[in-house]
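To start, the structure itself, in structure tokens.
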Amino acid sequence: YGISGKWLELLKEIAPGVTRAAVLRDPALAAGIGQFAAIQSMASSSAVELSAIDTRDVGEIERAVVAFARKPNGGLVVTASASALIHRDQIIALATRLRLPNVYPFRYYPLNGGLASYGPNEIEQYRRAAGYVDRILKGEIPADLPVQRPTRYELAINLKTAKALGLTVPPTLLA
């Protein structure tokens, strides 16, 4: 879950005025709880107050994010989950409407109007998975195969969204 803390760092770097962050997570997933814990560990050093928002349904997301956005200096971090993926268009539209700087785990979010993402290169992950399938089909036992972590990560920033939010992306991120 080490990458999860990077999402908060990225949010602070793009929107330094953020002092509060809503973290959309799926509490039914161990990964959702772990990602939130990793973000919490970064929050104290970033001077950011966190609020967890569960992503079970779009109505719940909307009510919680609208309530969160009533106070100033807020931002949004969306963790990796199937629920966030299913509701991604609504989440992106909501963050845009409420003018909340937002960070996501995968590049397809900024490609669809979100502000920024930092996460593993998905194409590389699929290639590596195909290699595992090949090894299994050739007779290797799945339990004997090592767990592999991603080796390549991508940063994606939607400059049009940044401009709409009134944010200036630091040159260090543009490089």
Review point. Against the longest principal axis of the chain, how steep is helix 2-14, in degrees 0 to 90 to the nearest 10, with axes from Cα atoms?
Key: 30
Point to revise | Between helix 122-137 and the chain: long-axis angle, C-alpha atoms, 0 to 90°, nearest 10 | key: 20
Practice item. Report the trypsin sites (Lys or Arg not before Pro) located in the stretch 38-70 that are in a DSSP loop and have at most 10 other Cβ atoms inside 10 Å of their Cβ, or state none. Key: Arg70
**Study point:** Residue (of Pro146, Leu167, Ala156) at the positive-pole extreme of the stretch 136-175, dipole from beta-carbon charges
**Key:** Leu167
Exercise for review: Between Leu155, Leu137, Leu94, find the one with the highest GNM mean-square fluctuation for the chain; connect C-alpha pairs within less than 10 Å.
Suggested key: Leu137
Practice item. Calculate how steeply helix 88-97 sits against the longest principal axis of the alpha-carbon atoms of the chain, using the helix alpha-carbon long axis, and give the answer as 0 to 90 degrees to the nearest 10. Key: 20
Review point. What lysines could a cross-link reach from Lys12, if we take a straight Cα to Cα line under 29 Å and drop same-chain neighbours fewer than 8 places away?
Key: Lys71, Lys160, Lys163
Study note, to complete from the structure: Rounded to the nearest 5, the percent of DSSP beta bridges in the stretch 40-175 running antiparallel is 55
Review point. How much of the accessible area of the chain, probe 1.4 Å, is carbon plus sulfur, in whole percent?
Key: 57
**Study point:** Selected from Arg88, Arg135, Arg152 as most flexible by GNM, with the chain as the system and alpha-carbon contacts under 10 Å
**Key:** Arg135
Exercise for review: Express the accessible area of the stretch 19-146 per residue in Å², computed with a 1.4 Å probe while the remaining protein chains stay in the model.
Suggested key: 50
Review point. So what's the back-of-envelope 222 nm ellipticity for the chain, counting only DSSP H runs of four-plus at -39500 (n - 2.57) apiece and dividing by all residues, rounded to 500?
Key: -14500 deg cm²/dmol
**Study point:** Square roots of five times the Cα gyration tensor eigenvalues for the stretch 1-66, Å
**Key:** 20, 15, 8
Practice item. Divide, for the stretch 46-121, the radius of gyration over alpha carbons by 2.2 N^0.38 Å, where N is the residue count. Key: 1.02
Practice item. Mind pulling up the Rg/Rh value for the stretch 57-99? Radius of gyration and Kirkwood radius, both on Cα. Key: 0.94
Practice item. Between Ala164, Ala156, Ala95, find the one with the highest GNM mean-square fluctuation for the chain; connect C-alpha pairs within less than 10 Å. Key: Ala164
Review point. Can you work out the base-10 log of I(q)/I(0) for the chain at q = 0.11, 0.12 1/Å, using the Debye formula on its C-alpha atoms alone?
Key: -0.47, -0.55
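The values are calculated or read from the model by the stated rules, or taken from the named source; none is laboratory data. In this text the structure is predicted, and so the values were computed from the model without any measurement. Heads up, the Cβs are rebuilt from the backbone with ideal geometry, glycines too, and the neighbour counts pull from every protein chain shown. Ligands, DNA and RNA are excluded from the accessible area calculation, which covers all protein heavy atoms including side chains. Shrake-Rupley method; radii C 1.70, N 1.55, O 1.52, S 1.80 Å.
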